[in-house]
């Protein structure tokens, strides 16, 4: 029997994965369209300013929702009747947290960049990514909790459609495209998609019970979810934030374009991550043995895709200057350096989920925080010397170290669990 058929055939997981893959396929096509449109319209320098704004906001965005989306998935996957409570709490925390942290980002941006990135662009991107898109992600997580992945795919497609329409407006409706004009259209597209997402959740699952009612334990757990998400964001985006300061906007635009292609190439694996989220939490109720057993079923397929995508990006990178324009000529070389990130992510995403869904979110967060420190130090050392190449090398080293760190953490926890079982068994026999 074909092992892939044995894993997927006839199951809800198969349908969910296929829905997400289909949705991601549409998203990939649309993202490619609007990425090419905005890159050609803005040029490397203005695109670099936009990338800088997005990267800075990305550093604070995970704390805006305080991990409540993951708590929503965990609780609703185990008890559907808790939906209204956790959906409402997640919305309340996100709006409040987003407003507070956006004010903080605007305050510190001038100290980091001076006038390199327009404050208006940062404000518009901040409203979009720190508040509006966080709410859209909560809607996706709400449908993920009940394994309604078809609706998740619909929401993600709607977001890609609205952003593609925004990019078309930028190219054909704006006389002199800039980072600020694109940031405004970027926000408009986000608002339209999020309005659809919230309406879809309300119609399908019910209205939220608004409030901030979370226990101290849940806030504590949410913090570690936020730390893990923020850590991943930091070692993915801090290099671009630092490049604005240390390398300039044009270099940031070149590197940011290559990194964007890597992110898009990971989309099919994102579909599998989303499709398996609720099941991971259910397998995790039996501890680390249950979650890693489930992860071992997924890793061969994810790693195979990661290797294929890495090879495809490396071999196909030479066509980028013709597509994006002469100002992005160096993006081809940057993409070759960054292409192995798809393979490394195809492994560490499932290792990380094995920890968090088995109740070891604190251990996962600790490993990821260590990688954040490593990444920042490497960027501070390498970017001033090697520009975007230094940022690429720092990313590769950090993601490789993350795979190793998560694997060691899992082995350590499993060994401790087995030791405890043996000790308990011996003590039981002696007592009897």
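The values are calculated or read from the model by the stated rules, or taken from the named source; none is laboratory data. Note that the structure is a prediction, hence the values are computed from the model and not measured. Here Cβ is always computed from backbone atoms with ideal geometry, including for glycine, and neighbour counts include all displayed protein chains.
Just to be sure I understand the filter: pairs with C-beta atoms under 7 Å, separated by 6 or more residues or on different chains, first member in region 261-278 and on the phi < 0 side of the Ramachandran plot and buried (at least 23 other Cβ atoms within 10 Å of the Cβ), second member modelled with pLDDT of 75 or more and outside any helix (DSSP H, G or I). Which pairs pass?
Partner pairs satisfying both residue conditions: 278/147.
Of all the helices (runs of 4 or more DSSP H) wholly in region 224-328, which have at least 3 residues that are over 20 Å from the mean Cα position of the chain (by Cα) and at pLDDT below 85? Spell out the reasoning first.
Numbers: elements: 249-265, 267-283, 288-316, 320-324.
Correct list: 249-265, 320-324.
Return yes or no: is residue 167 modelled with pLDDT of 90 or more, assigned to a helix (DSSP H, G or I) and buried (at least 20 other Cβ atoms within 10 Å of the Cβ)? Spell out how you get there, then give the answer.
Details: modelled with pLDDT of 90 or more: yes; assigned to a helix (DSSP H, G or I): yes; buried (at least 20 other Cβ atoms within 10 Å of the Cβ): yes.
Criteria met by residue 167.
Could you tell me whether residue 356 is buried (at least 19 other Cβ atoms within 10 Å of the Cβ), under 19 Å from the mean Cα position of the chain (by Cα) and modelled with pLDDT of 90 or more? Give the derivation first.
Working: buried (at least 19 other Cβ atoms within 10 Å of the Cβ): yes; under 19 Å from the mean Cα position of the chain (by Cα): yes; modelled with pLDDT of 90 or more: no.
In short, no.
Name every residue in region 220-248 that is surrounded by 16 or more Cβ atoms within 10 Å (Cβ to Cβ) and out of contact with any helix residue (DSSP H, G or I) (no Cβ under 8 Å at 6 or more places or on another chain), in order of residue number.
Passing the criteria: only 223.
Mind telling me which of the residues 392, 358 ends up being touching a helix residue (DSSP H, G or I) at 6+ places or on another chain (Cβ under 9 Å) and not in a helix (DSSP H, G or I)? Spell out the reasoning first.
Numbers: 392 fails: not in a helix (DSSP H, G or I).
After ruling out the rest, the residue left standing is 358.
Which count do you get for residues in region 375-416 that are in contact (Cβ under 8 Å) with a residue 60 or more places away in the chain and surrounded by fewer than 18 Cβ atoms within 10 Å (Cβ to Cβ)? Give the steps one after another, and end with the answer.
Filtering region 375-416 for residues in contact (Cβ under 8 Å) with a residue 60 or more places away in the chain gives 375-376, 379-380, 383-384, 387-388, 391-392, 394-395, 398-399, 402, 410, 413-414.
From the residues that got through so far, the ones that are surrounded by fewer than 18 Cβ atoms within 10 Å (Cβ to Cβ) too are 376, 380, 384, 414.
Total satisfying the criteria: 4.
Working only within region 44-95, note down all residues that are touching a helix residue (DSSP H, G or I) at 6+ places or on another chain (Cβ under 7 Å) and outside any helix (DSSP H, G or I).
Once the filter is applied, which keeps residues that are touching a helix residue (DSSP H, G or I) at 6+ places or on another chain (Cβ under 7 Å) and outside any helix (DSSP H, G or I), region 44-95 yields 66, 67.
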